[in-house]
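Below you'll find the structure, written out as structure tokens, and then a few comments.
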Amino acid sequence: MQEDAARDALKAVEDPEAGMNIVDLGLVYAIRCEPGRVRVKMTMTSPACPAAPHLVDEATAALRGIAPEGTDVHVELVWEPPWTPERMSPEAQTRFGWK
């Protein structure tokens, strides 16, 4: 799997509180694709986010949906560096009034 394909799959995962996908919200920090393995590091806007388990599960399912059978998919929730609005896409920043 290629990183671009993984990023596109993650764009289908929407944060239910924000009503926008996790990529444009800047929640996806890293995507690493290797033969037979996909690793993603993502965060939440706040450590208290009640949607965190749901979003990790949805991200994992989105990646498994496009990965070749048998691919090891792991989505890790990280808190460093802390999320800031500057991580959002320009479209998201405009939508939420950050720019």
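The values are calculated or read from the model by the stated rules, or taken from the named source; none is laboratory data. What you see is a predicted model; the values in this text were computed from it and never measured. Calculation scope for accessible area: heavy atoms of the full protein, side chains included, ligands and nucleic acids excluded. Shrake-Rupley method; radii C 1.70, N 1.55, O 1.52, S 1.80 Å.
Summarise the accessible area of the chain (1.4 Å probe, protein heavy atoms) by the percent that is carbon and sulfur.
On the way: 2830 of 5720 Å².
That share works out to 50 percent.
Quick one: length gained pulling Asp57 to Ser89 fully straight, 0.36 nm per residue minus the C-alpha distance? Working shown, then result.
Working: separation 32, 0.36 × 32 = 11.52 nm, distance 2.27 nm.
Additional length available on full extension: 9.2 nm.
Run lengths n ≥ 4 of DSSP H only: what is the helix-derived mean residue ellipticity at 222 nm for the chain, with -39500 (n - 2.57) per run over all residues, to the nearest 500? Spell out each step's value before the answer.
Working: 3 runs with 29 residues, N = 99.
Counting only the DSSP helices, I get -8500 deg cm²/dmol.
Pairs of Cα atoms under 8 Å, at least six residues apart: use those to get the relative contact order of the chain, whole percent. Walk me through the intermediate numbers first.
Working: 146 pairs, mean separation 31.1, N = 99.
So the answer I get is 31 percent.
Over the chain, give the accessible area per residue in Å² for a 1.4 Å probe, as an integer.
Details: 5720 Å² over 99 residues.
Accessible area per residue: 58 Å².
Can you run phi through the Karplus equation (6.51, -1.76, 1.60; θ = phi - 60°) for region 13-24 and list ³J(HN,Hα) in whole Hz, with x for Gly and Pro?
In residue order, the calculated couplings are 8, 9, 6, x, 7, 8, x, 9, 6, 5, 6, 5 Hz.
Of the labelled options (i) 87; (ii) 108; (iii) 97, which one gives volume of the Cα convex hull per residue in Å³ as computed for this structure?
Among (i) 87; (ii) 108; (iii) 97, the one calculated here is (i).
Please determine, in degrees from 0 to 90 and to the nearest 10, the orientation of helix 52-66 with respect to the longest principal axis defined by the Cα atoms of the chain, where the helix direction is its Cα long axis.
Roughly 40 degrees, rounded to the nearest 10.
Search the structure for amide H atoms under 5 Å from the amide H of Val73, placed 1.01 Å from N in the peptide plane, and list their residues when 5 or more places away or on another chain.
Val38
At 1.4 Å probe size, with no ligands or nucleic acids counted, give the accessible surface of Ile66 in Å², nearest ten.
Its accessible surface works out to 80 Å², give or take rounding.
Nearest-5 percent of antiparallel DSSP beta bridges in the chain?
On the way: 8 of 14 bridges.
Here the antiparallel bridges make up roughly 55 percent for the chain.
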